[in-house]
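First up is the structure itself, then whatever we jot down about it.
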Amino acid sequence: MRHLLTTTFHRHNHRLPTILHHLVTRHYRPPKPPTPPAPPKHPKPPQKPQSFTFHDATWEDPYSWMSHLNDKVAMRHMDIYMEQEEKYTEAVMSDTEKLQSKLQSEMASRLHFDLSTSPIRWGPWLYYKRVEAGKQYHVLCRRLASLNEQFISNKDPSGGFDFVSGRKIEQKLVDYNLEAERFGGYAYEELSEVSPDHKFLAYTMYDKDNDSFRLSVRNLNSGALCSKPQADRVSNLAWAKNGQALLYVVTDQHKRPCRIYCSMIGSTEEDVLLLDEPAENVYVNIRHTKDFRFVTVNTFSTTFSKVFLINAADPLSGITLVWECEAQAHCIVEHHQGYLYLFTDAARGGQLVDHHYLLRCPVNASSGPRIWERVFDDDRDMVIEDVDFCNTHLTLIIRENCSFRLCSVPLPMPARKDAVRLKELNPTFLPLPNHVSQIWPGPNYDYYSSTMRFTISSPVMPDAVVDYELSSGNWNIVQQQNLLYERTRILYGTTSSGGIANGSSNNLNSDFLNEIKSEDDNLWNCLSEFYACEQYDVSSYDGVMVPLTILYSRKNKNKNQNPGLLHGHGAYGELLDKRWRNDLKSLLDRGWVIAYADVRGGGGHGKAWHHNGRQQKKLNSIKDFVSCAKFLVENEFVQENKLAGWGYSAGGLLVAAAINSCPDLFRAAILKVYMNIHVSLIAKPCIACARRFSAILFGGRDTVPFLDATTTLLNPILPLTAADYEEFGCPGDIDDFHAIMKYCPYANIQKDVLYPAVLITSSFNTRFGVWEAAKWAARVREHAIYDPKRPILLNLTTDIVEENRYLQCKESALETAFLIKMMES
């Protein structure tokens, strides 16, 4: 019986877990997954509709109050709105913090940790800038070239600097960390010029309190600032009288360069006014010739261009007109052994020309009109893009189709009455790598040296700073980052052996040099083994062929599976910047395709190419960009719905207008602020620099993305120049006005359409017109279909990012994380 009971109990006990399991599972309800947090809501600024009527058009702008800088109530609302935008961007990007940190580490590891810039030889001195440990800004220094070997450490070249001997030899000229204390916490230098006797340095620093550049002169022997000249709103300067006099240009309240002053260094007398240009549409620019014999004065508007000479030995003796032409033109005058050389794109014989050309005439011309003779015959196969002079040679940057070349011709040139073809002079072609996208003449201050420096740029090669010895044909890469092996070491005048190359052109002919330049790209630290660079001609809507450059990682290229980023600018006749960028390596290595569209309106293809993408033809630029975007998708370089656009300043207008045209073509876009190029001792005091600086004065609206062209051109808050109207159209002309209304990004936002995600970078500083970005963002959110996966974000900065490489790195990491997030969402 006991056995039976025990057996029965065990039999039922064995079934108990199964019964309990069924009972439990019958009533079990799995816990609900946590509700995902609601996506952050975008800010909604107040709307204050205001109507505008011009010509035959009437429109309403609910956000025009954002640009009312003198309205205290509006500015309080703007402050609140900007704070909301900042928090919204942080909230949207909060899930990418780890990715941003990783990207920032990647990019920081590729930063140029050079101890200094490559030294510039000028007379007995070597000038350079270097960064001290723990300091934000660089220091401008110099040392005697004769003591160079004592200065450089021989024991440990990786250290690069012998501090024991260096303290005795090196002379600090300007510590920009101290300048930052003088100018509101950061140091942004626009211009700097050492006097020809090497005793003084004249430079301008941005004063954010007054929104202008302030001139200072420093005694390089004592290190002290001179009591005069000290002037505000200085846009340009030039030394005269072998460093005893400084000429400088001052702008009016609308930032128009209009007055030239002469200051005698060490004198207590008032600075002398040499020229006062009263006309509101005329601009003034000065520069010294490379031999310091003359100071050239350019006055220009949309209707004329003139060049005057001032005798640098006696700057108060008056100015002499040497050249004038109708309409706007680049006119740069140089002097060489009794001849004036003029590099210009002015109309010739009443006919517009498509490219620059070179003229010359004797300095001491007869009392009659100056007769300028052409130096070179026109050659469609070899277009001269730029020139530079030294005492013994003329160097020319030449474009053959879409390829750049660099050559030199001995001076003086044979005396001939007729122009000659460049080929007849048997120019020496200098070695270059493959895929050159731009050549920049360097800081060739030493007019009497036959060594000239150039910066060579390529989409698949870090910028190479190259010294060419024109007499012997020897060449040497003096600075270049080596991403193949390790960080570049620039050792105050020497380089590590890892990939820094030198060679000789030996006056070889051009055909043989073509073999040299492609023989071994490793001499140039070229990355083409890892990243492909391909060129295509894309047919635009009207059959015009638009150059398109495409980069991708050979390792990560998958047909029709890659996201892509398309760059564009297309304004002011400027070349699209296609230089290798270390921050883009993070995208390339993640399988992205990087592309550059050389749309009409930009440079590198002649004046007609520029003119066919401006004013009433601005839509050509936009349609060219759209055609290139479609080419990338249709030819399976980029996966459909994974293409992003990228544009800075006027390029922001291009990309934003393209989005209005085809919003479904793009998944994301970045519209960036862009600072003016500053011209300093370490920059380019040559004809190329003068051309670029003239363009800035005459038309470089290099500020925020240009998103509300209609309002800005009608009622400019920030000063515009004549060339801004030449570029985008004059609203006073009814045809121009209608063209502006057609392409203006702010005026053509589509309603009830899904727009791509957009990140706009701007600055709190009113110098950069933050309201254009804010207005555009608010209106897109108002009109377009709302999708939290496609946010419109503002990235607002308080600093001038261009002067801080760590802020650059942080901003690039945010932009890259934004693109990755948008493609993966």
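The values are calculated or read from the model by the stated rules, or taken from the named source; none is laboratory data. Please read these numbers as outputs of a predicted model, since none were measured by experiment. Note that we place each Cβ from the backbone using ideal geometry, even for glycine, and neighbour counts take in every protein chain shown. To get the accessible areas, we keep the full protein, side chains included, count just its heavy atoms, and leave off ligands, DNA and RNA. Shrake-Rupley method; radii C 1.70, N 1.55, O 1.52, S 1.80 Å.
The residues of region 520-645 expose on average 36 square angstrom of accessible surface per residue, using a 1.4 Å probe on protein heavy atoms. Can you tally the net charge around V363? Count Lys and Arg as +1, Asp and Glu as -1, for every other residue whose Cβ sits under 11 Å from the Cβ of V363. Overall, the nearby charge balance is +3. Taking a ≥ b ≥ c as the square roots of the eigenvalues of the Cα gyration tensor, region 609-663 is prolate, since a/c reaches 1.5 or more and a/b is larger than b/c.
Charge dipole of region 713-792 (Cα centre as origin; +1 on each Lys and Arg Cβ, -1 on each Asp and Glu Cβ, all else neutral): 560 debye, rounded to the nearest 20. D446 sits with roughly 30 Å² accessible to a 1.4 Å probe, with DNA, RNA and ligands left out of the calculation.
For region 603-672, the fraction of 1.4 Å probe accessible surface lying on carbon and sulfur atoms is 42 percent. Value of Rg to Rh for region 311-449, rounded to two decimals, is 0.96; Kirkwood radius and Rg both from alpha-carbon coordinates. Direction-averaged projected area, Cα convex hull, region 583-674: 6.4 nm², rounded to one decimal.
For W524, the solvent-accessible surface computed with a 1.4 Å probe is close to 10 Å², ligands and nucleic acids excluded. Using a probe of 1.4 Å, the accessible surface attributed to D463 totals some 50 Å² when neighbouring protein chains are kept in position. What you get for region 207-254, charging only the Cβ of Lys and Arg (+1) and of Asp and Glu (-1), is a dipole of about 260 debye around the Cα centre.
Here region 250-336 is assigned +1 on the Cβ of each Lys and Arg and -1 on the Cβ of each Asp and Glu. Its dipole about the Cα centre then comes out at about 280 debye. For a test of the definition: using alpha carbon positions, the gyration tensor, and the 1.5 limit on a/c, classify region 61-124 as rounded, prolate or oblate. Because a/c hits 1.5 or more and a/b fails to exceed b/c, region 61-124 counts as oblate.
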